[in-house]
Amino acid sequence: MTDKPILIAYATRTGTTREIAEALGAGMARRRAQVEVKRMEDVDDLGRYVAAILGSAVREEMWLPEAIEFVRRHQEELRKIPVFYYVVSMTLANDTPQRAQEVLGYLRPVRALVEPVDIGLFAGALDKGKLSPVIRLMLTKKGFPEGDWRDWDAVRAWGERVWQLLRQEEMSGF
Ligand SMILES: Cc1cc2nc3c(=O)[nH]c(=O)nc-3n(C[C@H](O)[C@H](O)[C@H](O)COP(=O)(O)O)c2cc1C
């Protein structure tokens with residue numbers, strides 16, 4: 001691997017997606033990879049990185065607006081490096097093949113800009129006690145359960161997969 005670090009950049013509202021970014025970062029660091037974990041707003045120069053892992057929470061069946069904007073703004077630089085996306089969503093609290101397809105559909109706007117090497121789909125967390133009554137009602141109607149549904153084994157496994165894919169890219173001359 002080159003001297004440049006791997007970027008793990010996230011967009012979050014309540015921290016769930018940041019903690020997944022940090023877990024992915026810790027996994028890479030254990031393999032002695034150079035890695036920087038940052039909120040998307042704090043990233044400026046994409047040319048500094050050898051690869052980018054970009055993750056966002058989902059609201060209203062989309063990545064957060066700042067995450068879509070990040071890919072739009074940096075699309076040229078992102079096309080030059082291996083890019084990975086991950087999605088954090090409550091649709092996946094009850095994981096079925098149909099729900100996975102549904103969540104993949106949330107990524108259509110960013111995949112139209114930059115196609116990733118691989119995608120991680122993760123269940124998130126919801127504390128309805130912290131939300132307004134209107135939003136609570138909306139989420140209840142959607143059938144999203146309360147609680148922390150994150151599967152840390154799945155996060156670790158995907159981090160390992162990303163690492164292996166990066167190693168393969170490196171061996172094929174990247
Ligand atoms: C207002 C609101 C809207 C949401 N909309 C969706 C949605 O459309 N689909 C989905 O799968 N999850 C949805 N979620 C669940 C979040 O994606 C989930 O709680 C996630 O873990 C939040 O991540 P964060 O803590 O990084 O912000 C919604 C959550 C909130 C609070």
Just rank E60, E66, fewest to most, by other beta-carbon atoms within 10 angstrom. E60, E66
Grab the beta carbon distance between E115 and D3, set R0 = 25 Å, and tell me the FRET efficiency rounded to 0.05. 0.40
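About the Cα centre of the chain, what is the dipole size in debye to 20, counting +1 per Lys and Arg Cβ and -1 per Asp and Glu Cβ, all else neutral?
220
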Of the beta bridges DSSP finds with both residues in segment 1-137, what % are antiparallel, to the nearest 5? 10
Based on the alpha carbons, how large is the Rg to Rh ratio for the chain when Rh follows Kirkwood? 0.97
In degrees rounded to 10, the 0-90 angle between helix 152-171 Cα long axis and the longest Cα principal axis of the chain is 30
Relative to the longest principal axis of the chain, what angle (0 to 90°, nearest 10) does the C-alpha long axis of helix 16-30 take? 30
Residues of segment 105-134 with amide nitrogen under 12 Å from the 7 Å Cα-to-Cβ point of A154? 120-125
Mind checking the angle between helix 65-78 and the chain's longest principal axis? C-alpha axes, 0 to 90 degrees, to the nearest 10. 20
Tell me the label-point distance for the pair E146, E60, using the 7 Å Cα-to-Cβ offset, in nm and rounded to one decimal. 2.6
Contour excess over end-to-end distance, with Cα ends at V134 and A26 and 0.36 nm allotted per residue: 35.2 nm
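Any read-out appearing in this document is the output of simple, stated calculations on the displayed coordinates, not a laboratory observation. Keep in mind that this is a model prediction, so the values were computed, not measured. So basically every Cβ, Gly included, is an ideal-geometry build from the backbone, and we count neighbours across all protein chains shown.
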